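Everything on this sheet refers to the single structure shown next.
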Amino acid sequence: MRDVAVVSFAYQAVAKEPTRSEVEMIVPVVREAVAASGIDRTEIGFTCSGSLDYLQGGPFAFVSGLDAVGAWPPIRESHVEMDAAWALYEAWVALQTGEVDSALVYGFGKSSTGDLHEIMSLQTDPYYLAPLWPSMVDLAALQARAYLDATGRDEKDLAEVAARSQRNALANPAAVRRGDVDVDALLAAPVTHDPLRDHDIAPITDGAAAVVLAAGDLARSVCARPAWIRAIEHRIEPHSPGVRDLTRSESTRLAAQAAGVGDGPVDVAELHAQFSHEELLLAEALGLGGATAVNPSGGPLAANPVMSTGLVRIGEVARRITAGEATRGVAHASSGPCLQQNLVCVLEGQD
Amino acid sequence: MAGKLVGVVGVGQTKHRAANKEVSIAGLVRTAAKEALDDAGMTWADIDAVVIGKAPDMFEGVAMPELYLADALGAAGKPMMRVHTAGSVGGSTSIVAAKLVAAGVHERVLTVAFEKQSESNATWGLSVPMPFAPPLVAGAGGYFAPLIRAYIARAKAPRHVGHLVAVKDRLAALRNPKAHLHMPDIDLKTVEESLLLWDPLRYLDTCPSSDGAMAMVLASERVADELPGPVAWVHGMAMRSEPTMFARRDQVNPQAGRDCAKDVYAQAGIRDPRADLDCAEVYVPFSWYEPMWLENLGFCAEGDGWKLTESGATAPDGDIPWNPSGGVLSSNPIGASGMVRFGEAAQQVRERAGDYQVPLRTGKALGHAYGGGSQFFSMWVVGRDKPAA
């Protein structure tokens, strides 16, 4: 495979963006990522984005997004109705063909404008499941209960994930939930979706993120320490939660195996865990041990800009590699109810 | 074309119709996918990855339906992607799938596109009022009619040319058993007397609303060479996008379409598309888009598109047949319509187009799709023979 690296990353998130539209949120992150990449906007070979129409409640969310990237003269461009981590995958494939040497990837969404948890029930089987309006939190709680029952873990383990996330987020300017909290205080809060409490559920977040990819010598020439994508793999599982073993993530395991996660030490991992139990479950599927710093940014429990949350995971790992804080890291992205679909990206710095 | 060779080794599609009540959305996509697998002589287990495309999720009311469709498409345990680039999506989905093979990531990719328009109402789905934006409430026809009027004024085209396309494509569809509309009695008078919807578009100048799905199996050279069936080799593929609105944008003859065509022709060694292609399957959802795209795609000089149409050159027995399958005017499962164009072009060079097969001279055909406000374009050229090294 051709050497491809993340050479820049920009990201903004807030709990509720009261004035700016999606396009206005994309503009500064795209501008920042492109400027930091050292590649002129007009020289970028390919552009790909990820978004979800149902977040804005109208068709073609991505069409006006084009206004933010300056698509004139016309550009090579595509879009996935998926988390922008998959837009990055599409861009990585385009770079592998040799057709282009660089790509801009962005994702965006304002989940504060509607009822995110209800909206996501429209992802479920339209004939058998969606008519019941299971919110994404209802479905996650089923998985959390199954996981706790199967592993003997308890709500304190969940609170420990949440507390670490909030403490890590103290250093993250994009975090919308952070604090020096302790586990006992968290456990004093009421259970809202058994066994989950509010701190176990990712906060509503509006945000946008952008990444620039470059191949081989171009990456080396524009970035002192590019974050090389050593492998990027994704897998999907059957849809109905009733036909899956919810106590594990088989698709994450398969993707991690194909990506060779276990072939070397993992300094840092950023996981697309929107619920506390998902982090534990994913760490097991990825085979991560105690030496790995998991979600040092605070992860999605600190900020969950839907449709770029997965891309942000890749960006956060890349940022640490480029800064020399890590040598080998794993980024994970997820889609669908109860972690139905998962992507694993192994990034590495070279000294 | 960049990367490794890609071949279309299997094609399948549903019978398109106004409302397919016999199957669910899952049943619809699986029908097309199974036919493509059978055509390729493959089973579900042979497939490495699935790439699915469709137009806005609001057309069926299912958000990110690839999640629900994973089982029906045999994707469990495999990679699956969902592309959405507006009306061009069927074309761009084909290209994303083809790039997985061109990049050497996979060797056997199943790609599927669909729309089940009877589950909702596309004009409503396209016209949801949005904050801070003027309400359109016009659907696609209301959006494109002013551009068509601008074309007519610019090219000084006689008003009956659109109706000629409406008749030509419906008569062509009579030879295609999968086409939605079969109107054996259609003639110029029927079209002229149909209801005026958006001047100059009459009811029969517009595409139908269809339920339908299209699927293809794409394979590496190594895999394709070992299969007994005919292969359509991808000679070039390209996508271009430009913003919807800005001052002095030419929406009648968009730059993105011209650039995209230039790119794909250069990859495929096409100098004169009218002479170097045996046929073209082009996204013509409103009759007037045939002459407009004839110009945009370089089949003639600017201003001459309507003359080409009027001369009969684009009819099935003309020198450059456009939409011998009946085109979008005869079947429009929106999200699939672009892939139908790409797949029909492949069927022609595989000589699998049945009663609407065109004679092959150069053995090359164009598949084309566009979307949004005439701003997203995807195209490929496929050939009977492998591209010259």
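The values are calculated or read from the model by the stated rules, or taken from the named source; none is laboratory data. Just so you know, these numbers come straight off a predicted model, no measurement behind them. So basically every Cβ, Gly included, is an ideal-geometry build from the backbone, and we count neighbours across all protein chains shown. Side chains are part of the model used for accessible areas, which takes the heavy atoms of the whole protein and leaves out ligands, DNA and RNA. Shrake-Rupley method; radii C 1.70, N 1.55, O 1.52, S 1.80 Å.
Summary table
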| quantity | calculated |
| --- | --- |
| Alpha carbon Rg of segment A:210-313, scaled by the compact-globule rule 2.2 N^0.38 Å | 1.19 |
| Accessible-area ranking of B:Lys168, A:Lys156, B:Lys178, B:Lys21, largest first, probe 1.4 Å | B:Lys21, A:Lys156, B:Lys178, B:Lys168 |
| For chain A, Kirkwood radius (reciprocal of mean inverse C-alpha pair distance, Å) | 20.0 Å |
| Under 15 Å from the B:Ala389 label point (7 Å along Cα→beta-carbon), backbone N, segment B:1-15 | B:4-5 |
| Binned Cα-Cα distance frequencies in segment A:94-210 - 5 Å width, integer % | 2, 10, 13, 16, 17, 15, 11, 8, 5, 2, 1, 0 |
| Using alpha carbons only: equivalent-ellipsoid semi-axes of chain B, gyration tensor based, whole Å | 30, 24, 20 |
| Quotient of C-alpha Rg and 2.2 N^0.38 Å, computed over segment A:143-289 | 1.22 |
| Descending semi-axes in whole angstrom, ellipsoid equivalent of segment A:189-251, from the Cα gyration tensor | 38, 21, 10 |
| Using a Förster distance of 35 Å, the FRET efficiency for A:Lys16-B:Phe246 (Cβ separation, nearest 0.05) | 0.70 |
| Helical segments meeting 15 Å axial Cα length and Kyte-Doolittle -0.5 threshold in chain B (DSSP H) | B:25-40, B:89-102, B:139-155, B:161-173, B:334-349 |
| List B:His180, B:His163, ordered by accessible area with a 1.4 Å probe, largest first | B:His180, B:His163 |
| P(r) weight above 22 Å for segment B:280-389, C-alpha pairs, percent | 28 percent |
| log₁₀ of I(q)/I(0) at q = 0.14, 0.15, 0.21 Å⁻¹ - segment B:1-104, Debye sum with one point per alpha carbon | -0.58, -0.67, -1.35 |
| Accessible carbon and sulfur surface of segment A:36-106 relative to its total accessible area, %, 1.4 Å | 45 percent |
| Radius of gyration and Dmax over the Cα atoms of segment A:43-162, both given in Å | 19.0, 59 |
| Segment A:100-163: proportion of alpha-carbon pairs further apart than 21 angstrom, % | 52 percent |
| Net charge over other residues, Cβ less than 11 angstrom from the Cβ of B:Gly383 (K, R count +1; D, E count -1) | +1 |
| Principal axis dimensions, segment A:255-351 - Cα atoms, whole angstrom, descending | 39, 25, 21 |
| Per-selection Rg to Rh, segment A:1-42 - Cα, Kirkwood hydrodynamic radius | 1.10 |
| Alpha carbon convex hull of segment B:67-167, projected area averaged over orientations, nm² | 11.1 nm² |
| B versus A: buried accessible surface, summed, Å² (probe 1.4 Å, to nearest 100) | 4600 Å² |
| Two-site FRET efficiency, B:Asp38 against A:Asp263, from Cβ-Cβ distance with R₀ of 30 Å, rounded to 0.05 | 0.15 |
| Efficiency of FRET between A:Glu325 and A:Glu284 - r from beta-carbon atoms, R0 30 angstrom, step 0.05 | 0.75 |
| Among the listed pairs B:Lys15/B:Lys78; B:Lys4/B:Lys364; B:Lys15/B:Lys307, those beyond 22 Å (Cα-Cα) | B:Lys15/B:Lys78; B:Lys15/B:Lys307 |
| Overall dimensions of the protein assembly as shown by Cα: Rg and Dmax, Å | 25.2, 82 |
| For segment B:169-223, accessible area per residue (1.4 Å probe, heavy atoms of protein chains only), Å² | 44 Å² |
| Around A:Gly299: net Lys/Arg minus Asp/Glu count, Cβ-Cβ under 10 Å | -2 |
